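Written out below as structure tokens is the structure these notes cover.
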């Protein structure tokens, strides 16, 4: 009974949010399971451009010189593609949240009629590999120039030695 009531309450809340977002100036962004109403710029590209204040309000992310960051998590933006993510509209800076989702491989669904954007859970490749206990495949040359792939050695014991200068 309680479960049915909770489901009805969530459905009701979502329908109210969709009705409010149907207004041309408002959008509802559902990020990390939290619905936030924002003011979005009209855009014909099909992407969601939002103000920096709305970016922080809806997602907790802020744009810094090192990238798009939230707490200890930071995603660098490709310098050659910065205009794809950040834009100026008069005195305010805008951020392309849907382009950012594509960059970090985060699924996005939108209801254009009602102005609702849903951002799903980002897939983390490291988590996938850790869960499967399989190292990702890679190919490197040996000292003679012959290339070897890790996949060639599946089922055999392999010792990997790495080094980095930093």
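Can you spot a residue in the stretch 118-134 that is surrounded by 15 or more Cβ atoms within 10 Å (Cβ to Cβ) and either in a loop (DSSP other than H, G, I, E, B) or at pLDDT below 90 (or both)? Within the stretch 118-134 (the criterion being surrounded by 15 or more Cβ atoms within 10 Å (Cβ to Cβ) and either in a loop (DSSP other than H, G, I, E, B) or at pLDDT below 90 (or both)), the answer is no, since none of the residues qualifies.
One residue stands out in the stretch 74-99 among those that are part of a strand (DSSP E or B) and more than 12 Å from the chain's Cα centre (by Cα): the one that is nearest to residue 122 (Cα to Cα), namely 95. Residues in the stretch 100-114 that are in contact (Cβ under 8 Å) with a residue 12 or more places away in the chain and either farther than 19 Å from residue 65 by Cβ or assigned to a loop (DSSP other than H, G, I, E, B) (or both): 101, 104, 105, 106, 107, 108, 110, 111, 113, 114.
Quick grid of which residues meet (1) touching a helix residue (DSSP H, G or I) at 6+ places or on another chain (Cβ under 7 Å); (2) touching a residue at least 12 places away in the same chain (Cβ under 8 Å); (3) surrounded by fewer than 11 Cβ atoms within 10 Å (Cβ to Cβ):
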| residue | (1), (2), (3) |
| --- | --- |
| 47 | yes, yes, no |
| 51 | no, yes, no |
| 58 | no, yes, no |
| 62 | yes, no, no |
| 74 | no, no, no |
| 79 | no, no, yes |
| 83 | no, no, yes |
| 86 | no, yes, no |
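When 108, 68 are checked against the criterion of being over 16 Å from residue 52 (Cα atoms), at pLDDT 90 or above and either within 12 Å of the chain's Cα centre (by Cα) or surrounded by 13 or more Cβ atoms within 10 Å (Cβ to Cβ) (or both), 108 stands alone in meeting it.
The values are calculated or read from the model by the stated rules, or taken from the named source; none is laboratory data. For clarity, every value in this text was computed on a predicted model and none was experimentally measured. Note that each Cβ is placed from the backbone with ideal geometry, even for glycine, and that neighbours are counted across all protein chains shown.
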